[in-house]
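The values are calculated or read from the model by the stated rules, or taken from the named source; none is laboratory data. Given the structure is predicted, the values throughout are model-derived calculations rather than measurements. With ideal geometry, Cβ positions are generated from the backbone for all residues, glycine too; neighbour counts draw on all protein chains shown. To get the accessible areas, we keep the full protein, side chains included, count just its heavy atoms, and leave off ligands, DNA and RNA. Shrake-Rupley method; radii C 1.70, N 1.55, O 1.52, S 1.80 Å.
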Amino acid sequence: MIGRIEAFPPGTATPVTARLGGREIAILVVHDTAGLRAFEDACPHQYLPLSWRGGSVLSADGRRLRCASHGAEFCARDGRALTGPGTGEGLTPVPLRVAPDGTVHVAEAEGSG
């Protein structure tokens, strides 16, 4: 479990730590009108977290995730690169599952202990 649905308010990109494939990774959970989705919190330009310098990485219109270090921008819906350094390399998606009780899980972690 990475949190409860309430921890990811609509219109936000929230950095959290998750277990994926037996290791802990930093992810960004995006919540918009399409629901919840997540990406590894690692800019493909230099693999620093998008949220490394803090502050919001989600644009005011909720359409783009912006690397706080280098200004690269990615589509908040699918993680594809839009502008900036490393254009062509997108963000790595992380599948999520929302349980009936409102807890949010990394889908691949199900059943792994």
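At-a-glance table
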quantity	calculated
Count of residues meeting criterion [modelled with pLDDT of 85 or more and either open to solvent by less than 30 Å² (accessible area, probe 1.4 Å) or more than 8 Å from the chain's Cα centre (by Cα) (or both)] in region 35-47	8
Where a residue in region 24-50 is part of a loop (DSSP other than H, G, I, E, B) and its partner, wherever it lies, is of a type in the set (S, T, N, Q), with Cβ under 7 Å and at least six apart	Asp41/Ser51; Cys43/Ser69; Leu48/Ser69
Members of region 26-41 found to be more than 14 Å from Ala107 (Cα to Cα) and among the hydrophobic types (A, V, I, L, M, F, W, C), listed by number	Ala26, Leu28, Val30, Ala34
Among residues of region 59-89, those that are on the phi < 0 side of the Ramachandran plot and either assigned to a strand (DSSP E or B) or open to solvent by 40 Å² or more (accessible area, probe 1.4 Å) (or both), counted	19
Condition met for Val16 (within 25 Å of His105 (Cβ to Cβ), at pLDDT 95 or above, out of contact with any Cys (no Cβ under 6 Å at 6 or more places or on another chain) and surrounded by 20 or more Cβ atoms within 10 Å (Cβ to Cβ))	no
Filter pass, Gly54 being open to solvent by 30 Å² or more (accessible area, probe 1.4 Å) and either on the phi > 0 side of the Ramachandran plot or free of Cβ contacts under 8 Å to residues at least 24 places away in the same chain (or both)	yes
